[in-house]
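Values quoted throughout were computed directly from the atomic coordinates according to the rules given, and no laboratory measurement underlies them. As the structure is a prediction and not an experimental result, all values here were calculated from the model. Glycine also receives a Cβ, built like all others from the backbone with ideal geometry; neighbour counts cover every protein chain displayed.
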Amino acid sequence: MISNFPYIAVIVFISLGIYTLIFNKNLIKIAIGICLIENGANLFLITLGYKKGAVAPIYTMAPAGQSMVLPTPQALTLTSIVIGLATTALILSVAMMIYKHYGTLDTDEVRRLRG
Amino acid sequence: MLGLLETGSGFWNAIIWLVIILVLGALVVYFRNKGEDSYKKRTEQDKPFISGNPELNKEDSHLSASHIYWGFTEALKDYYHPLIDFHTGNINDYTGWIIVVTVLVLIMVGVSG
Amino acid sequence: MNILPHLPILIIALPLLGAFILPLLNRINKKVPGIFSVLILGASLFFTILVAIKVMTVGPQVYVFGAQSTGFTLPSGLKFPIRIIFEIDAMSIFMGLITAMVSFLGAVYSLTFIQKEEGLDKYYALLLLLTVGMFGMELTGDIFNFFVFLEIASIASVALISFQALYKGEPAEAGFKYMVVSSISALIVLFAVGIFYGQYDVLNLAALARLIKYSQLDKIALGLMVPVLAMKAGAVPMHMWTPDAYSEAPAPITMILVAASQASLYALFRVTFTLYNIQLNTLTVGWVIIIFGLLSMFIGVTMAIIQKDIKRLMAYHAISQTGYMLLGVGVGLAVLADPVALQKYGITAMEGGIFHIMNHAMYKGLLFLTAGALFYRTGTRDLNHMGGLAHSMKYTTIFFIIGAAAIAGLPPFNGFASKLLIYESVYRFNPILSIIAMVVSILTLASFVKVFHSAFLGPKLPRYKEVKEVPTSMVFAMAVLSGIIIFFGLFPDVIIKNLVHPAAMSLIEQVKYSATILGGM
């Protein structure tokens, strides 16, 4: 049961993120919502490679006979975190530009493009 | 043959089509040139006739985009009003629709087995 | 060193390295970045054509990263590949050709179109990165690698959409909306990748395709990936980002964005055909894609008729035309499990849908470029303020007529050839679908008549007295696209036989795709 806890956390993270994206009216908070979904996905990946009592997958430094956690999900997560950083930086800078021109961050106001 | 496209129930060849169009076009031009040419040039017969109204100035006669298909959109008002309201431009709605459609597809794929 | 086996990676490596050299070159002269990126993309196009010839004559190409030799897919007797592998089959290179062509012409067009802006080195660097992202999505044979390139493409395109955000608010708004929807879709794809990895311990598409069992988890992964990839391609009702992003981006970028959304469409087909193939319930998933297609076709075109912004109007048409591709390939998917129907009309429908991808990239690119030319000379995108431009912009008018006739499916242009294939094959699957497709085609023609009349016809307006034809580089890009459209229209069989039919077959034959990497038929 306790081993399933990370998966529950993943679901909580992603649901909170989706809730923020749909119901929150602030552009910065929408960016936070995307970060939440991203954290959920990263946690999901890292949990897949977890093994109880195993050490970090550094081949040259592992003690003999000790099992290691799967290295691939960790590489995937690292890549995904870096991409997430770029996404967040870009989305926040665009939000800044929107604030400069529109004077607001409310999604109900930021909709000159419609129809 | 080059340009021959089999569609399963027939074929299509743009070159044959072009030849036919050119032949037909030549015929049309030929018959048109044989037509009535007894009207008097540079008289009233040359001018456009707009139901007896005076002819507009050239610059004023341009019809802008909003006027085109006005009747079409007016007749389909009941279709267009909900559709335009649907395109709110609100980012919350954009994400909402993605989630709704994803859930629907998940249900369909899950149920169908 | 023999360079030939390294061609697949050169397609991507050149623009990627070029993107990082560009800011340095900018210090020499402000004009260098543009010319440099045109050269880079020209070389990329050349390599793509070389690889395409090789794929057509020899068969699918494989490129293994970091191995002793580029074709060494299974190191030290392993049963599954552990390295990142590019697998280039007929479908991949078909999309690669579109990407290479469109991005090269986009860069040529940009040379004069974007000349007066600030920060051109960033513009061209982002353009190269966007190209890298699209190429990567199309050529990769690794599902996580696909996610990475998807993110590269969307980050670069967001920055390009909001390129003019310094002066106007709307590009920033469009960029924000696109970023939000594309990061959601990328994260959902990442989640699906996690599901695959958790079950099968491989990330390689070919290995996954062999191992996949269509368990409950695979169904969830499929149900997650189909809608989000369709969203990136602009399927209704998740299309609302498309008109925003397409209308606010600079015109050459819009043209490349069309190709970028088609790369997502390619991924959708790759997932359904190569990964799952007949294991999934083909009828259900086929109909899901057909319904996306129908909604896109109809709602896209009816919304286009009432638009006043010329690029917004064309963006709605892009949605509508995507519907044709979804319809054609969706019909192919729906009858995939039925060999008789597949032979009778399924393959033809897929050929129509896939051929339409290339045709659409060409004529929609051309139309967006003409819209850009109008904007370049008149400074407005509002159709109400245009008029009489055919007097002063003769080439643009001719190019617009060619593009509009092609999108409306008038013979002898290329849109007609692919639409004909779709109509005739879909009619045998379900006549109603075919009739709707024809009605949509008529409405498309109607709305382009509106554009043509309000922008080009009419008396010469006094405020556009000074307007003249656009500069040579813009005319060149439009002329090349028009030439391709006419060639495809006159000789559709050449393209179908050499490019489209192999592409359709490589989607259908899943076993062959995995055998290229894993060996054994």
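Here are some notes:
- Residue C:215/residue A:62 FRET efficiency (R0 41 Å; Cβ-Cβ; nearest 0.05): 0.80
- Environment charge at residue A:37 (Cβ cut-off 15 Å; Lys +1, Arg +1, Asp -1, Glu -1): -1
- Taken along its principal axes, the alpha carbon cloud of the protein assembly as shown reaches lengths of 108, 63, 57 Å, longest axis first.
- Taking 30 Å as the limit for the C-alpha separation, the pairs B:58/C:450; C:308/C:468; C:31/C:54; A:51/C:219; C:394/C:450 exceed it in the case of C:31/C:54.
- With at most 13 neighbouring Cβ atoms within 10 Å, loop trypsin sites (Lys or Arg not before Pro) (DSSP) excluded, longest segment of chain C: C:214-464
- Modelled this way, with points 7 Å down the Cα-to-C-beta line, the labels at residue C:438 and residue B:104 are 2.8 nm from one another.
- Where only DSSP H runs of four or more residues are counted, chain C gives -23500 deg cm²/dmol as its mean residue ellipticity at 222 nm, each run worth -39500 (n - 2.57).
- Note on residue B:38 and residue C:201: their simple-model spin labels are 9.8 nm apart, each label 7 Å out from Cα toward Cβ.
- Scanning chain B for DSSP H helices at least 30 Å long along the axis (C-alpha atoms) with a Kyte-Doolittle mean no lower than 0.0 picks out B:91-112.
- If you model segment C:253-391 as an ellipsoid using its alpha carbon gyration tensor, with each semi-axis the square root of five times an eigenvalue, the axes come out at 35, 14, 12 Å, biggest first.
- Descending semi-axes in Å of segment C:407-476, equivalent ellipsoid built from Cα gyration tensor: 36, 16, 7
- Karplus (6.51, -1.76, 1.60) ³J(HN,Hα), θ = phi - 60°, over segment C:87-94, in Hz, Gly and Pro reported as x: 10, 10, 9, 4, 5, 4, 6, 4
- Potential extension, residue A:5-residue A:50 segment - 0.36 nm per residue separation minus Cα distance: 14.9 nm
- With Cα atoms, 0 to 90° folded angle of helix C:251-269 axis to chain C main axis: 20 degrees
- Proximal lysines to residue C:213, defined as alpha-carbon separation beneath 21 angstrom and excluding residues fewer than eight positions away on the same chain: C:79, C:512
- Reduced Cα scattering model of chain C, Debye log10 I(q)/I(0), q = 0.08 Å⁻¹: -0.46
- Angle in degrees between helix C:120-139 and the longest Cα principal axis of chain C, rounded to the nearest 10: 40 degrees
- Restricting segment B:46-106 to chymotrypsin sites (Phe, Trp or Tyr not before Pro) in coil, as DSSP defines it, with at most 12 other Cβ within 10 Å: B:49
- Of the chymotrypsin sites (Phe, Trp or Tyr not before Pro) found in segment C:115-173, those in coil by DSSP whose Cβ has at most 13 other Cβ atoms within 10 Å are C:167.
- Sparse-neighbourhood loop sites, chymotrypsin sites (Phe, Trp or Tyr not before Pro) in segment C:2-105 - DSSP loop, at most 16 other Cβ within 10 angstrom: C:65, C:72
- Given 13 as the ceiling on other Cβ atoms within 10 Å, longest exposed-site-free region of chain C for GluC sites (Glu not before Pro) in DSSP loops: C:119-465
- Residue range of chain B that is longest and free of trypsin sites (Lys or Arg not before Pro) which are both DSSP loop and sparsely packed (at most 10 other C-beta within 10 Å): B:43-113
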